[in-house]
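Report on the following structure.
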Amino acid sequence: MNHRVSDLIIRIKNASLSKRKEVVLDDLKINKSICKVLDSVENETRDGKKVLLAKIRYDKRVPVLNDVLVVSKPSLRIYATSDEISGLQRRGRITLILSTNEGIMTGMDAMKKKVGGEVLFKIW
């Protein structure tokens, strides 16, 4: 597991496409903050290890999270200012998740607070 953000979001995507209700994730600070932005998350202990339990959201039996594109990778970090975020979101169809100096937040929240940061991934 080289890139923790990619691993997290691909696990959530695969669980939603296979119609699961929840997915078990590693208990990391970045995983907690991303899951708080996306879904509800709970702390749990399984086999003596702390894990996160993320609930998958559905709308009329169709998963809310259909696809994902990992933007920033360990080899190439992509940053966006608050002005560039609206061009990357494509009129609300795509949601950006950013890592800013105020924490991890969606693109809409970053535009409201007028902060930029590293674009982690896009979801739709």
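Could you please give the count of residues in region 45-56 that are surrounded by fewer than 13 Cβ atoms within 10 Å (Cβ to Cβ) and either outside the structural domain of N2 (by TED's automatic domain parsing) or within 11 Å of L25 (Cβ to Cβ) (or both)?
1
Is it the case that V71 is among the aliphatic types (A, V, I, L, M), in contact with a strand residue (DSSP E or B) (Cβ under 7 Å, 6 or more places away or on another chain), over 15 Å from I12 (Cβ atoms) and surrounded by 12 or more Cβ atoms within 10 Å (Cβ to Cβ)?
Spelling it out, V71 is indeed among the aliphatic types (A, V, I, L, M), in contact with a strand residue (DSSP E or B) (Cβ under 7 Å, 6 or more places away or on another chain), over 15 Å from I12 (Cβ atoms) and surrounded by 12 or more Cβ atoms within 10 Å (Cβ to Cβ).
Checking S99 against (1) within 16 Å of R11 (Cα to Cα); (2) touching a Gly at 6+ places or on another chain (Cβ under 9 Å), only one condition comes out false. Which one?
Answer for S99: the failing condition is (1).
Can you go through S99, S86 and tell me which one is within 24 Å of K29 (Cβ to Cβ), outside the structural domain of C35 (by TED's automatic domain parsing) and among the polar types (S, T, N, Q)?
S99
Could you identify the single residue in K122, K114 that is of a type in the set (D, E, K, R) and within 25 Å of N2 (Cβ to Cβ)?
K122
The values are calculated or read from the model by the stated rules, or taken from the named source; none is laboratory data. All values reported here derive from a predicted model rather than from experimental measurement. Here the Cβ is made from the backbone with ideal geometry for all residues, glycine too, and neighbour counts use every protein chain on show.
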